[in-house]
1. So which residues in segment 125-154 are touching a residue at least 60 places away in the same chain (Cβ under 8 Å) and part of a helix (DSSP H, G or I), if there are any at all?
2. Would you confirm whether any residue within segment 74-96 is part of a strand (DSSP E or B), in contact with a helix residue (DSSP H, G or I) (Cβ under 7 Å, 6 or more places away or on another chain) and surrounded by fewer than 19 Cβ atoms within 10 Å (Cβ to Cβ)?
3. Can you name the residue in segment 157-175 that is surrounded by 16 or more Cβ atoms within 10 Å (Cβ to Cβ) and either in contact (Cβ under 8 Å) with a residue 60 or more places away in the chain or not in a helix (DSSP H, G or I) (or both) and, of all such residues, is farthest from the chain's Cα centre (by Cα)?
4. Six or more apart or on different chains, Cβ atoms under 8 Å: show the pairs whose first residue is in segment 93-109 and touching a residue at least 24 places away in the same chain (Cβ under 8 Å) and at negative phi and whose second is exposed (fewer than 12 other Cβ atoms within 10 Å of the Cβ) and part of a helix (DSSP H, G or I).
5. Can you name the residue in segment 10-31 that is at pLDDT 95 or above and touching a helix residue (DSSP H, G or I) at 6+ places or on another chain (Cβ under 7 Å) and is also surrounded by the most Cβ atoms within 10 Å (Cβ to Cβ) among such residues?
6. Within segment 58-73, can you find the residues that are in a strand (DSSP E or B) and surrounded by fewer than 21 Cβ atoms within 10 Å (Cβ to Cβ)?
7. Considering only segment 46-54, I want to know if a residue exists there that is touching a residue at least 40 places away in the same chain (Cβ under 8 Å), touching a strand residue (DSSP E or B) at 6+ places or on another chain (Cβ under 8 Å) and in a loop (DSSP other than H, G, I, E, B).
């Protein structure tokens, strides 16, 4: 049912093609869309005074948005950028809200998406708060075994809060 429901939801969506490095969302903009990734990959990051902090990835068959901006209608704190050529389907907030308010199945789909995001966020917090760099890498690879096929190492290192050199050293030790 979920695949059929998803196809129905995406029927009226707008296809966007993003070349490598193009931004889907930038800091300060209100994100009025939720995006379904058809192909390619994106990263969500914060820009601080000193560095970019990657907080999430999205690739084929996943949803991505600046969630707090989308839900609250506030300016995004995040950037969403294509890591390589990427195609996404953009579903407007109005379209999405109409769907979830008129059909319980869409509301259930939305709840399942949100539950997945909450679980991912909790797992990430546990990784960053309790595990050594090597353990963080192993936990992430267990959840996303294709990560290195989808995402460049420099972004994975940022996500894991380590330098690219540390990531490389840990990967060599574990191979």
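1. 147, 150
2. Yes, segment 74-96 has at least one match.
3. So, considering only residues that are surrounded by 16 or more Cβ atoms within 10 Å (Cβ to Cβ) and either in contact (Cβ under 8 Å) with a residue 60 or more places away in the chain or not in a helix (DSSP H, G or I) (or both), the one farthest from the chain's Cα centre (by Cα) is 162.
4. So the pair list comes out as 109/2.
5. Looking at the filtered set, the residue picked out is 31.
6. Result: 63, single match.
7. No, the conditions are met nowhere in segment 46-54.
The values are calculated or read from the model by the stated rules, or taken from the named source; none is laboratory data. A quick note: this is a predicted structure, and the numbers were derived from the prediction, not measured. Ideal geometry is used to build each Cβ from the backbone, glycine not excepted, and the neighbour counts take in all protein chains shown.
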